[in-house]
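Data first, discussion second: the structure below is written as structure tokens.
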């Protein structure tokens with residue numbers, strides 16, 4: 001959709017990697033669709049302009065999502081896995 005038209009500029013500006021499911025591979029969309037559904041229930045409706053979200057809302061949603069245990073992470077949270085890779089110097 002048009003909401004992803006500027007993905008390359010955003011990826012370059014913030015030095016992030018972007019993933020898109022392959023065409024004809026619906027098995028790659030399951031996690032994406034599940035997360036979209038969770039975010040919709042948290043108030044990010046399809047008609048909401050994501051360019052002007054308050055930082056407080058983004059941080060709250062990010063924290064909530066990063067504290068959900070995942071089967072793919074051995075029932076650890078993304079936050080726990082991330083923190084395992086942070087050294088004391090960082």
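Hey, what number do you get for the chain at 222 nm if only DSSP H runs of n ≥ 4 count, each worth -39500 (n - 2.57), divided across all residues, to the nearest 500? Each step should come with its number before you reach the end.
Working: 4 runs with 38 residues, N = 90.
-12000 deg cm²/dmol, from helical runs alone.
To the nearest ten degrees, helix 55-65 and the longest principal axis of the Cα atoms of the chain are 60 degrees apart. Given their separation in residues at 0.36 nm each and the Cα-Cα distance between them, residue 34 and residue 59 gain 7.1 nm when the chain is fully extended.
Run the numbers on the chain and let me know its relative contact order in percent, using alpha-carbon pairs under 8 Å that are six or more apart.
Dividing the mean separation by the residue count of the chain yields 10 percent.
Remark: spin-label model distance residue 50-residue 13 equals 1.4 nm, labels positioned 7 Å along the Cα→Cβ axis.
The angle between the Cα long axis of helix 30-41 and the main principal axis of the chain comes to about 80°, on a 0 to 90 degree scale.
Coordinate-derived values only; no laboratory data. Keep in mind that this is a model prediction, so the values were computed, not measured. Please note: Cβ atoms are built from the backbone with ideal geometry, for glycine as well, and neighbour counts cover all protein chains shown.
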